[in-house]
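Structure first, commentary second.
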Amino acid sequence: MKKGIHPVYRPVVFRDASANYLFLTRSTAASDKTVTWEDGATYPVVDVDVSSASHPFYTGRGRILDTAGRVERFNQRYGRSSRAGQPAA
């Protein structure tokens, strides 16, 4: 590898504020904010919108969409009337 062209790869804490969840991993992500971790060391912290602690796929709180009957419901609401396909009077 060439020297001086690669970003710094270091320990970084990612924080999901919506789930109050933090995890420490290695990354090249940069941040001006820092946090003191459980080991007493200070690491840069990156705020994320979604993590495995808050994403519905991982938490099991996802919405289940009813795919059966959608066409029928559409036709009931906006469907053709009994005069469909006939010219206007």
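The values are calculated or read from the model by the stated rules, or taken from the named source; none is laboratory data. Keep in mind the model is a prediction, meaning the values are calculated, not measured. When we count neighbours, we look across all protein chains shown, and the Cβ atoms used for this are built from the backbone with ideal geometry, even at glycine. Quick note on the areas: whole protein, heavy atoms, side chains included, nothing else; ligands and nucleic acids left out. Shrake-Rupley method; radii C 1.70, N 1.55, O 1.52, S 1.80 Å.
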Enumerate the pairs (first residue in the stretch 18-40 and open to solvent by 90 Å² or more (accessible area, probe 1.4 Å); second residue anywhere and in a strand (DSSP E or B) and basic (Lys, Arg)) with beta-carbon separation below 6 Å, excluding pairs fewer than 6 apart on the same chain, so at least 6 apart or on different chains.
-> none
Considering residues that are open to solvent by 70 Å² or more (accessible area, probe 1.4 Å) and within 21 Å of Val50 (Cβ to Cβ), the number found within the stretch 1-17 is 2
